[in-house]
Ligand code: GRF
């Protein structure tokens with residue numbers, strides 16, 4: 001039986017399907033009683049993010065820190081950190097969080113900040129990964145879970161999954177195929193983070 005409580009804070013900007021699958025897996029696999037691990041809060045930079053309602057429906061605390069309300073990245077990140085640190089997180093999970101984070105933010109959560117990126121890193125860091133993979137003539141694409149470091153979409157790889165690029169694929173059809181793999185590997189990578197720490 002685990003002792004100290006280990007909180008996960010998940011940051012989202014959109015639909016939150018990765019967030020939801022992590023939270024559901026935590027429930028289903030009883031992470032709280034096994035490792036003291038729970039999803040304590042979901043925070044979005046967008047009030048319209050669909051994932052906020054999903055999180056509320058699962059009884060998870062939510063908060064919004066709208067990036068448009070802050071004059072600089074540093075000011076936004078300072079408020080974001082304040083909101084996150086209310087939950088003393090053991091792990092901060094970026095799940096479709098579409099903001100570039102400052103080096104100060106990344107340093108503050110060094111070793112306990114992970115991201116999912118829809119490409120086989122180090123290929124295609126940044127945006128529009130699916131279209132770029134199609135345009136480059138790739139026959140496979142995929143997804144990477146990685147530690148976050150100051151350089152965008154770099155950092156130690158924790159998990160990857162590969163999918164085929166099929167004839168006639170569009171960015172949308174490829175993204176949907178990749179997303180099914182995201183939902184498989186992200187909960188596993190989060191669980192592995194705590195298993196390693198246990
Ligand atoms: C995922 O494809 C993630 O890899 C990308 O944004 C999407 C987020 O989806 N960066 P969701 O919000 O988890 O549904």
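The values are calculated or read from the model by the stated rules, or taken from the named source; none is laboratory data. These numbers come from a predicted model, not from an experiment. Note that each Cβ is placed from the backbone with ideal geometry, even for glycine, and that neighbours are counted across all protein chains shown.
Observations on the structure shown:
- Qualifying positions in the range 35-47 - in contact (Cβ under 8 Å) with a residue 60 or more places away in the chain and either surrounded by fewer than 24 Cβ atoms within 10 Å (Cβ to Cβ) or within 16 Å of the ligand (Cβ to nearest atom) (or both): 35
- Boolean, residue 128 is in contact (Cβ under 8 Å) with a residue 24 or more places away in the chain, at positive phi and within 15 Å of the ligand (Cβ to nearest atom): yes
- Residue within the range 169-178 that is under 23 Å from residue 192 (Cβ atoms) and surrounded by 15 or more Cβ atoms within 10 Å (Cβ to Cβ) present: yes
- Considering residues of the range 48-74 that are under 15 Å from the mean Cα position of the chain (by Cα) and closer than 20 Å to residue 27 by Cα only, the residue nearest to the ligand (Cβ to nearest atom): 51
- Checked against (1) touching a strand residue (DSSP E or B) at 6+ places or on another chain (Cβ under 8 Å); (2) under 21 Å from residue 38 (Cβ atoms), residue 163 passes all but a single condition, namely (2).
- In the range 126-152, the qualifying residues are those that are at pLDDT below 95 and surrounded by 13 or more Cβ atoms within 10 Å (Cβ to Cβ), and the one that is nearest to residue 181 (Cα to Cα) is 152.
- Residues within the range 79-98 that are in contact with a helix residue (DSSP H, G or I) (Cβ under 8 Å, 6 or more places away or on another chain) and on the phi < 0 side of the Ramachandran plot, tallied: 7
Okay, residues lined up against (1) free of Cβ contacts under 8 Å to residues at least 12 places away in the same chain; (2) under 17 Å from the mean Cα position of the chain (by Cα); (3) within 12 Å of the ligand (Cβ to nearest atom):
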| position | (1), (2), (3) |
| --- | --- |
| 134 | no, no, no |
| 138 | no, no, no |
| 143 | no, yes, yes |
| 147 | no, yes, no |
| 166 | yes, no, no |
| 183 | no, yes, yes |
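- Test for residue 106: is it touching a strand residue (DSSP E or B) at 6+ places or on another chain (Cβ under 8 Å) and either closer than 26 Å to residue 70 by Cβ or more than 15 Å from the ligand (Cβ to nearest atom) (or both): yes
- Subset of the range 1-34 (residues that are closer than 22 Å to residue 112 by Cβ and within 11 Å of the ligand (Cβ to nearest atom)): 10, 11, 12, 13, 16, 18, 19, 20, 21, 22
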